[in-house]
Amino acid sequence: MFVLLVVAAFSIRSMWPVINDVTTGKTPAYPNLQPQSFQASAEAVYAAALASAKAIGLEITSSDPARGEIRGVATTRVLRFKDDVTITVAREGDRTVVSIRSASRIGQSDFGVNAKRIERLQAVIASRL
């Protein structure tokens, strides 16, 4: 039984990078996760990002439209772990850019949960714009 658990642990660990903090455009383990860019106004993108964060079940802990920052907490379904999520909306030239960070509070590996959360959040934001 012990050998089976060890083999399972190594198999699971090899499926995801040993990481628990993912930021769009800054996490080499997830090169496909890049900040989103929209032609809409910063205000419209911020509103879409806030509504999207709520729609995926984030508990919003702070919302500062002037700074373009939304902070929230995601709670995993099974073990009820808390992950911190920060969404930043900023105007860059004629575009509005959305960057997202999702970080686990505990553990060394998140088994891909933070990256999946960012992908889901990006999809919902894009669908609203």
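Yes/no per residue for (1) touching a helix residue (DSSP H, G or I) at 6+ places or on another chain (Cβ under 8 Å); (2) within 25 Å of Y46 (Cα to Cα):
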| site | (1), (2) |
| --- | --- |
| E69 | no, yes |
| V73 | no, yes |
| R77 | no, no |
| K82 | no, yes |
| T88 | no, yes |
| R91 | yes, yes |
| S99 | no, yes |
| S104 | yes, yes |
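One residue is enough: does the range 83-103 have a residue meeting the conditions exposed (fewer than 14 other Cβ atoms within 10 Å of the Cβ) and β-branched (V, I, T)?
Restricting attention to the range 83-103, the residues satisfying the condition of being exposed (fewer than 14 other Cβ atoms within 10 Å of the Cβ) are 91-94.
Among the residues that remain, those that are also β-branched (V, I, T) are: none.
No, the range 83-103 contains no residue that is exposed (fewer than 14 other Cβ atoms within 10 Å of the Cβ) and β-branched (V, I, T).
Could you tell me whether the range 62-79 includes any residue that is in a loop (DSSP other than H, G, I, E, B), closer than 14 Å to L129 by Cβ and among the small types (G, A, S)? Scanning the range 62-79, I find no residue that is in a loop (DSSP other than H, G, I, E, B), closer than 14 Å to L129 by Cβ and among the small types (G, A, S), so the answer is no. Pairing each residue of the range 73-92 that is more than 14 Å from S63 (Cα to Cα) with any residue that is of a type in the set (S, T, N, Q) and surrounded by 12 or more Cβ atoms within 10 Å (Cβ to Cβ), provided the two are 6+ apart or on different chains, yields C-beta distances under 6 Å for K82/T75; D83/S102; D83/S104.
Let me confirm something: among T75, T61, which residue is surrounded by fewer than 18 Cβ atoms within 10 Å (Cβ to Cβ), at pLDDT below 95 and touching a Lys or Arg at 6+ places or on another chain (Cβ under 7 Å)? Show your work before the answer.
On the way: T61 fails: at pLDDT below 95.
The conditions single out T75.
Considering only the range 105-128, I want to know if a residue exists there that is in contact with a Ser or Thr (Cβ under 9 Å, 6 or more places away or on another chain), among the polar types (S, T, N, Q), buried (at least 17 other Cβ atoms within 10 Å of the Cβ) and modelled with pLDDT under 95. For the range 105-128, residues in contact with a Ser or Thr (Cβ under 9 Å, 6 or more places away or on another chain), among the polar types (S, T, N, Q), buried (at least 17 other Cβ atoms within 10 Å of the Cβ) and modelled with pLDDT under 95: present.
Of everything in the range 81-129 that's part of a loop (DSSP other than H, G, I, E, B) and aliphatic (A, V, I, L, M), which residue is farthest from the chain's Cα centre (by Cα)? Steps first, answer last, please.
To start, the set of residues in the range 81-129 that are part of a loop (DSSP other than H, G, I, E, B) comprises 81, 93-94, 105-112, 129.
Cutting the leftovers down to aliphatic (A, V, I, L, M) gives us 106, 129.
Details: I106: 16, L129: 18 Å.
Step by step, filter the range 81-129, then rank; the result is L129.
Of the residues making up the range 36-58, those that are crowded, with 16+ Cβ neighbours inside 10 Å and among the charged types (D, E, K, R) number 0.
The values are calculated or read from the model by the stated rules, or taken from the named source; none is laboratory data. Quantities reported herein were computed from a predicted structural model and do not represent experimental measurements. For neighbour counting, all protein chains shown are included, and Cβ atoms are generated from backbone atoms with ideal geometry for every residue, glycine included.
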